[in-house]
Every structure is written in structure tokens, then in C-alpha cells.
Amino acid sequence: MMIPYKNLHRLSSILAYELGDESIRIEFVSGAVRDYTYENVGRDHVEAMKKCAIKGKGLGSYVMQNERHFIALRDIRASRKST
């Protein structure tokens, strides 16, 4: 179940989130929904995003600052699975 993001700074691109044991699902204001998992972005990133989500601040910034890295990780891991 998606939880509305508190958005304490009122400038976030995040609308809601859902926490899993090894993942966080994020719904953006744009309507996009993305799953970040231990497998596709790593445990440290997922846990950092969970902390931001629970605090209600910093999640959008964290995702923006790391999105290029996340895409690269997903691409690398996807190519490993296909070989």
C-alpha cells in the first residue's frame, strides 16, 4: 500500500512510496512508479531512500542525485542476467 510522502519542503517530485523488505517503490508526481531493490540499485541505496521516505524529506533529492548511477547499475545487472 502506497504511503503519501510527507514532502516537508513542499518541493518534492515524490507523491508516495511503499516499503518492502528489500525494496522501495516510489510514485512520482509525474505519475511514474519505479521500484528500487537491493538487486537493481543495492542495499545501501535502498536503505538510504527508506530513511528519507520515513523522515518525509530528502527522498526526491536523493533519487535525483543518484539516478544516473541507478540506471547504470540496472543496465549492468540486466546485461549480466542475459548472458
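The values are calculated or read from the model by the stated rules, or taken from the named source; none is laboratory data. Note that the structure is predicted; figures quoted are calculated from it, not measured. A quick note on method: Cβ atoms are made from the backbone with ideal geometry, for glycine too, and the neighbour counts reach across all protein chains shown. Side chains are part of the model used for accessible areas, which takes the heavy atoms of the whole protein and leaves out ligands, DNA and RNA. Shrake-Rupley method; radii C 1.70, N 1.55, O 1.52, S 1.80 Å.
Can you classify the chain as rounded, prolate or oblate using the Cα gyration tensor, where a ≥ b ≥ c are the square roots of its eigenvalues, rounded means a/c under 1.5, and otherwise it's prolate if a/b beats b/c and oblate if not? Intermediate values should be presented prior to the final figure.
Details: a/c = 2.02, a/b = 1.84, b/c = 1.10.
It is prolate, given that a/c is not under 1.5 and a/b is the larger ratio.
Computed from phi, the 3J(HN,Hα) profile of the stretch 6-12 under the Karplus parametrisation 6.51, -1.76, 1.60 (θ = phi - 60°) reads 4, 6, 4, 8, 6, 10, 6 Hz, with x in place of Gly and Pro.
Express the relative contact order of the chain as a whole percentage, based on alpha carbon pairs under 8 Å and six or more residues apart in sequence. Can you show the working numbers first?
Working: 99 pairs, mean separation 19.7, N = 83.
Computed over the chain, the figure is 24 percent.
Here's the picture: charge each Lys and Arg Cβ at +1 and each Asp and Glu Cβ at -1 in the chain, and of M2, L15, V33 the one pushed furthest to the positive end of that dipole is L15. Close Lys pairs in the chain (alpha-carbon distance under 17 Å; sequence gap of 8 or more, or different chains): 4. Placing +1 on the Cβ of every Lys and Arg and -1 on the Cβ of every Asp and Glu, with no other charges, gives the chain a dipole of roughly 200 debye about its Cα centre. For the options L59, L11, L19, a Gaussian network treatment of the chain with springs between C-alpha atoms closer than 10 Å singles out L11 as fluctuating the most.
Annotation: S79 carries an accessible surface of approximately 60 Å², with a 1.4 Å probe and no ligand, DNA or RNA atoms counted. The accessible-area ordering, largest first, of the residues Y36, Y5 stands as Y5, Y36, per a 1.4 angstrom probe.
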